[in-house]
Amino acid sequence: MKLFRRRRSDVIAEERLKFILVQDRSLLTPAEFERMKEDIIRVISNYFEINKSGIELNIQRENRKTILEATVPVISVKRSST
Amino acid sequence: MGRTIVVTAGKGGVGKTTITANLGASLSKLGRKVVLVDMDIGLRNLDVVMGLENRIVYNIMDIAEGRCKINQALVRDKRQSGLFLLPASQVHTKEDVDIDSIVSIISAIENSFDYVLLDSPAGIEKGFESAVAPSKEGLVVVTPDVSSVRDADRVIGLLENRGILGLSLVVNRYDVDLVNRKKMLNADSIVEILGLDLVGIVPEDKAVIDSTNRGEILVNYYANTIAARAFENVARRIEGENVPFVSLNSQNKGFMKFFRRGK
Ligand SMILES: Nc1ncnc2c1ncn2[C@@H]1O[C@H](COP(=O)(O)OP(=O)(O)OP(=O)(O)O)[C@@H](O)[C@H]1O
Ligand SMILES: [Mg+2]
């Protein structure tokens, strides 16, 4: 049993960085960022049943473009929509 | 016309000045004519790292404010006849700088050199802007820690917004032993996160501090140290040579799979 084994600090550093940079790169305040996340959830929920806690947002810079990538776990399609 | 490259980081103390001096000397050892411009107005240090502090007569603010000609301010390196320093003023502050004058000084110099390297101060305020404004390319320096990589990411965003094409990355103060023990961010992860072309990994090396104490540029006087070899490899990669990233110690297996991203 290795219940209390400390995690590798290189991996922790990498995870913390990735988390910090999503917020930094968005250039939004933390409050705006949360609001954006809620907006995304609200819009997608109109069409899909989703797992809100599984949502991942990622912002990457590639080729001088900023790319927002949202991963949204879908549970089912809402059939009753208008 | 020469290549004008800003050496920058965001975070202070990560090795911008050390890399500017050693990269400049390495490029001049390869036969290039190089001028190093100290843009840390009010807190100049490039002169000290190069050991030229006693030879300064005029500085870039004297040129900007019409007290001397460009050639009168240039100081030749002690070892490399093709390497020059354009010193910063120590009595002005960064707020005193007129960015347009700096831009015209640099564009006048570019014609007579193969490389113009601008040593940027810490921060993202006016000192940073003055170093970036005349530059066409950027060399971003990071140390393998969360704060430094985070600040570098911010600076990369600013450089891209200002139209600086061709950004490359140097990881400085790399401790292979710590990396092997999984206690330091490895270069692969940093490259993946920042998405720039890697042009060098410079190990933590006590010889850097020793040579700086003496005012002797490492690659000029202690060319056999591991950091000096790493600096020379940075120069060769900037020259376009495909220099493989070799292991910094024999036990290391992990980090040879570097790649170029984002093209
Ligand atoms: N690879 C290295 N190994 C050991 N020491 C190093 C290395 N690179 C830099 N240093 C040391 O780190 C310190 C800071 O370096 P340097 O002055 O080049 O940083 P800087 O980014 O220019 O700082 P500032 O933001 O204040 O301008 C110096 O004492 C230098 O000798
Ligand atoms: Mg410096």
Exercise for the section: State yes or no: is residue B:199 touching a Ser or Thr at 6+ places or on another chain (Cβ under 7 Å), within 24 Å of residue B:79 (Cα to Cα) and at pLDDT 95 or above? Expected result: no
Problem - Residues (more than 24 Å from residue B:206 (Cα to Cα) and surrounded by fewer than 24 Cβ atoms within 10 Å (Cβ to Cβ)) located in the range B:18-39 - result: B:30, B:31, B:32, B:33
Fill in the blank from the handout: When every residue in the range B:103-160 that is within 20 Å of residue B:84 (Cβ to Cβ) and without any contact (Cβ under 8 Å) to a residue 60 or more places away in the chain is compared, the one least open to solvent (accessible area, probe 1.4 Å) is B:105
Completion exercise
From the option list A:10, A:24, single residue qualifying as within 20 Å of residue A:67 (Cβ to Cβ), open to solvent by less than 70 Å² (accessible area, probe 1.4 Å) and without any contact (Cβ under 8 Å) to a residue 60 or more places away in the chain is A:24
Fill in the blank from the handout: Filter the range B:183-197 for residues that are out of contact with any Gly (no Cβ under 9 Å at 6 or more places or on another chain) and not in a loop (DSSP other than H, G, I, E, B); the one that is most open to solvent (accessible area, probe 1.4 Å) is B:192
Exercise for the section: Could you check, for the range B:72-83, whether at least one of its residues is open to solvent by 30 Å² or more (accessible area, probe 1.4 Å) and modelled with pLDDT under 95? Expected result: no
Exercise for the section: Can you give me the number of residues within the range B:167-198 that are closer than 18 Å to residue B:238 by Cβ and of a type in the set (D, E, K, R)? Expected result: 1
Practice task
Identify, by number, the condition in (1) within 28 Å of residue B:95 (Cα to Cα); (2) within 15 Å of the chain's Cα centre (by Cα) that residue B:157 doesn't meet.
Solution key: (2)
Handout entry: Of all residues in the range B:169-182 being away from every other protein chain (no Cβ under 11 Å) and open to solvent by less than 20 Å² (accessible area, probe 1.4 Å), the one that is nearest to residue A:8 (Cα to Cα)
Key = B:176
Exercise for the section: Only residues that are more than 14 Å from chain A (Cβ to nearest Cβ) and either among the β-branched types (Val, Ile, Thr) or more than 15 Å from ligand 1 (Cβ to nearest atom) (or both): list them for the range B:190-204, please. Expected result: B:198, B:199, B:201, B:202
Practice task
State all residues of the range B:35-61 that are among the polar types (S, T, N, Q), within 21 Å of residue B:211 (Cβ to Cβ) and part of a loop (DSSP other than H, G, I, E, B); if no residue qualifies, say none.
Solution key: B:45
Practice task
State whether one or more residues within the range B:86-99 are open to solvent by less than 10 Å² (accessible area, probe 1.4 Å), closer than 15 Å to residue B:38 by Cα, in a loop (DSSP other than H, G, I, E, B) and β-branched (Val, Ile, Thr).
Solution key: yes
Exercise for the section: For the range B:178-224, enumerate the residues that are out of contact with any Lys or Arg (no Cβ under 8 Å at 6 or more places or on another chain) and among the basic types (Lys, Arg). Expected result: B:181, B:206, B:214
Fill in the blank from the handout: Here, strands (runs of 3 or more DSSP E) confined to the range A:32-72 with at least 1 residues that are within 14 Å of chain B (Cβ to nearest Cβ) and open to solvent by 90 Å² or more (accessible area, probe 1.4 Å) are A:65-71
Fill in the blank from the handout: residue B:207 passes all but one of the listed conditions (1) farther than 15 Å from residue B:16 by Cα; (2) within 13 Å of another protein chain (Cβ to nearest Cβ); (3) at pLDDT 95 or above; (4) open to solvent by 20 Å² or more (accessible area, probe 1.4 Å); the exception is number (2)
Practice task
Examine the range B:56-68 for a residue that is more than 16 Å from ligand 1 (Cβ to nearest atom) and in contact with a Phe, Trp or Tyr (Cβ under 8 Å, 6 or more places away or on another chain), and state whether such a residue exists.
Solution key: yes
Fill in the blank from the handout: In the set A:37, A:52, A:18, the lone residue that is closer than 16 Å to residue B:192 by Cα, under 12 Å from the mean Cα position of the chain (by Cα) and charged (D, E, K, R) is A:18
Handout entry: Condition check for residue B:14: of a type in the set (Val, Ile, Thr) and within 16 Å of ligand 2 (Cβ to nearest atom)
Key = yes
Fill in the blank from the handout: Counted residues in the range A:6-24 being more than 18 Å from residue B:184 (Cα to Cα) and more than 7 Å from every other protein chain (Cβ to nearest Cβ) come to 2
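The values are calculated or read from the model by the stated rules, or taken from the named source; none is laboratory data. Everything numeric here is computed off the predicted structure, so don't read it as measured data. As a convention, Cβ positions derive from the backbone with ideal geometry for all residues, glycine included, and neighbour counts pool all protein chains shown. Please note that ligands, DNA and RNA were not included when accessible areas were found on the heavy atoms of the full protein model with its side chains. Shrake-Rupley method; radii C 1.70, N 1.55, O 1.52, S 1.80 Å.
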